[in-house]
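Comments concern the structure below.
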Amino acid sequence: SLRRGGQLWSTPLTARVEAFLRPSQQAPAAVRMMSASASESSKWAVVRSASGQLPVYRDIRNHNSRELTIIRKVLGDLHALRESIVRDFDVSEKHVVVKVGRVEVRGRHKSEIAKWLEGKGF
């Protein structure tokens, strides 16, 4: 089974996603489109929401003193996505936090990140 131990992480991302879907479902298009090459963007994928939108959100915390941009529904290597964001945007490494299934970027970057993800084919 793909769900046991180290086997899950040694399989391709498409197979890992399909292992958790119902038999009648397919992997999301963003995962299926990913090539087998070792390029950095093929290590992670962002799955669109049920309405077809990119899951990039803005959150305000600490009584309007801290703004966050949250990228949800991230599959694969979150640290590779973090490195891409640090490299492609004017953001410090300490302002990009990896959490389970999502990446949080400090500041107002929603529109820029959404355009960047669309440019990468998500």
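Here's the yes/no breakdown for (1) closer than 15 Å to Ala45 by Cβ; (2) assigned to a loop (DSSP other than H, G, I, E, B); (3) at pLDDT 90 or above:
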residue: Asn64; (1), (2), (3): no, yes, no
residue: Thr69; (1), (2), (3): no, no, yes
residue: Leu81; (1), (2), (3): yes, no, yes
residue: Glu104; (1), (2), (3): no, no, yes
residue: Glu112; (1), (2), (3): no, no, yes
residue: Trp116; (1), (2), (3): yes, no, yes
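Among the residues of the range 56-69, write down those that are surrounded by 18 or more Cβ atoms within 10 Å (Cβ to Cβ) and out of contact with any Gly (no Cβ under 9 Å at 6 or more places or on another chain). Let's see the steps before the verdict.
Kept after step one, since they are surrounded by 18 or more Cβ atoms within 10 Å (Cβ to Cβ), are these residues of the range 56-69: 56, 68-69.
Val56, the sole residue that qualifies.
If a residue has to be aromatic (Phe, Trp, Tyr) and closer than 14 Å to Leu54 by Cα to count, how many in the range 80-116 make the cut? Break it down stepwise before answering.
Step one: of the range 80-116, the residues aromatic (Phe, Trp, Tyr) are 89, 116.
Pick out the ones that are also closer than 14 Å to Leu54 by Cα and you get 116.
Summing the residues that are aromatic (Phe, Trp, Tyr) and closer than 14 Å to Leu54 by Cα in the range 80-116 gives 1.
Within the range 73-84, is there a residue that is surrounded by 15 or more Cβ atoms within 10 Å (Cβ to Cβ) and over 16 Å from the mean Cα position of the chain (by Cα)?
Looking for residues that are surrounded by 15 or more Cβ atoms within 10 Å (Cβ to Cβ) and over 16 Å from the mean Cα position of the chain (by Cα), one finds none in the range 73-84, hence no.
Among the residues of the range 91-122, which ones are touching a residue at least 24 places away in the same chain (Cβ under 8 Å), under 14 Å from the mean Cα position of the chain (by Cα) and open to solvent by less than 60 Å² (accessible area, probe 1.4 Å)?
Passing the criteria: Gly101, Val103, Glu104, Val105, Ile113, Ala114, Trp116, Leu117, Gly121, Phe122.
The values are calculated or read from the model by the stated rules, or taken from the named source; none is laboratory data. Quick caveat, the model's predicted, so the values are computed rather than measured. FYI the Cβ positions are ideal-geometry reconstructions off the backbone, even for glycines, and counts take in every protein chain you see. Ligands, DNA and RNA are stripped out before the accessible areas are found, and what is left, the full protein with its side chains, is counted by its heavy atoms. Shrake-Rupley method; radii C 1.70, N 1.55, O 1.52, S 1.80 Å.
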